[in-house]
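K.L.:
First the structure, then my questions, so here it is.
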Amino acid sequence: MAGLRSLVFILSRLAVPVGALLAVPVGAIERPVTFAELNKTGTAALDSVDNRRWVRSRVMEYDAGEFSRRRSASDRRWHGTDFAPVIRIDDTEPPATARVTVMADFSRPELPISGNGAWRHRGTAWRDVRTIANHAVGTQNGRGGYDDSYAYLTGFGPDQTAQAVLWIDPAISNDYHEVELLLHWADSPGSARGYECNLAWNGAYAQIVRWNGPFGNFNYVVDQKKFGPGIMPPRTGDIFKASISGATIRVYLNKNDGKGDQLIATGADGIFSDGNPGIGFFIQGDVDPTHFGFSGYRAWSD
């Protein structure tokens, strides 16, 4: 089609790790690509007779909750019965490298969260994240100290942004319910390191915390307890966002009130320059871990 400069792939229910397909230069995939190549198991049953298109991929997205079964000629979508690769038009000039975007709506109940292998957690001293009732929440019992629940993605560049839609159960009470956006995260069975950007359920604080690796070993980069008028407390549907560019970390809250992303915390720390975005949760004491979570998530890097 004349005038089109790039195409966007959205890959749903990928049978291979997300990062294996996302973190690639544009030029490396500028050739005809079949859906059979994208679905390594070869189980896609396509309803289109033409399953090849020239690819200059600017953005590649993974949406763990998309299970459409229809074809729309207007946006050139082809949906398989086992997974749903989609070609969508994007009339913008692609940058030098592919931009990684990952999306999740937590519609599939999982313990631990997996997303067909997209989410990872290897640290044995910390708790898993679960998805239930269209929310991502933690699994702590409140008595394990700093055994936060966490999960993270792979394949992202160093300048990265993550955002999540907040969900708060009306029955929530007591202190020390936190949701967390993770940046530059990496782990091993005995270590978890990176940056935690957290938010208290009642708006008492927003912190940027550097995890150094060993259990309970961390430093506060920022401990913010004063905010502009009307920002706190958070509400269901607010958008919690964190980004890192170079060594600068910024945390925002969008109240859906027309004011956009409002900065609630910022700091600088250059200890970790690589790693990936993720999500986390923390409770302490006799607290229900399912009362504060995320109903949607998106992360991207350039």
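The values are calculated or read from the model by the stated rules, or taken from the named source; none is laboratory data. Here the structure is a predicted model, which is why all the values come from computation and not from measurement. Backbone-built Cβ (ideal geometry, glycine too); neighbour counts: all protein chains shown.
K.L.:
If Thr101 passes every condition in (1) more than 25 Å from Asn256 (Cα to Cα); (2) in contact with a helix residue (DSSP H, G or I) (Cβ under 9 Å, 6 or more places away or on another chain); (3) at pLDDT below 95 but one, which one does it miss?
P.N.:
(1)
K.L.:
Considering only the stretch 235-258, how many residues are outside any strand (DSSP E or B) and either touching a residue at least 12 places away in the same chain (Cβ under 8 Å) or buried (at least 18 other Cβ atoms within 10 Å of the Cβ) (or both)?
P.N.:
Result for the stretch 235-258: 9.
K.L.:
From the list Asp223, Asp261, exactly one residue is under 21 Å from the mean Cα position of the chain (by Cα), within 24 Å of Pro158 (Cα to Cα), free of Cβ contacts under 8 Å to residues at least 60 places away in the same chain and surrounded by fewer than 17 Cβ atoms within 10 Å (Cβ to Cβ). Which is it?
P.N.:
Answer to the selection: Asp261.
K.L.:
Sticking with this structure for a sec: Identify all residues within the stretch 203-220 that are part of a loop (DSSP other than H, G, I, E, B), surrounded by 13 or more Cβ atoms within 10 Å (Cβ to Cβ) and on the phi > 0 side of the Ramachandran plot; write none if there are none.
P.N.:
Within the stretch 203-220, Gly203 is the sole residue that qualifies.
K.L.:
Right, next: Just give me the residues in the stretch 134-175 being touching a strand residue (DSSP E or B) at 6+ places or on another chain (Cβ under 9 Å) and small (Gly, Ala, Ser), in sequence order.
P.N.:
Answer for the stretch 134-175, where residues must be touching a strand residue (DSSP E or B) at 6+ places or on another chain (Cβ under 9 Å) and small (Gly, Ala, Ser): Ala136, Gly138, Gly142, Gly144, Ser149, Ala151, Gly155, Gly157, Ala162, Ala164.
K.L.:
When you go through (1) without any contact (Cβ under 8 Å) to a residue 40 or more places away in the chain; (2) under 17 Å from Phe281 (Cα atoms); (3) outside any strand (DSSP E or B) one by one for Met232, which number turns out not to apply?
P.N.:
Of everything listed in (1) without any contact (Cβ under 8 Å) to a residue 40 or more places away in the chain; (2) under 17 Å from Phe281 (Cα atoms); (3) outside any strand (DSSP E or B), Met232 misses just condition (2).
K.L.:
Determine, yes or no, whether Ser173 is assigned by TED's automatic domain parsing to the domain that holds Thr290 and at pLDDT below 95.
P.N.:
Yes, satisfied.
K.L.:
Restricting attention to the stretch 264-299, report how many residues are surrounded by fewer than 21 Cβ atoms within 10 Å (Cβ to Cβ) and over 20 Å from Tyr146 (Cα atoms).
P.N.:
12
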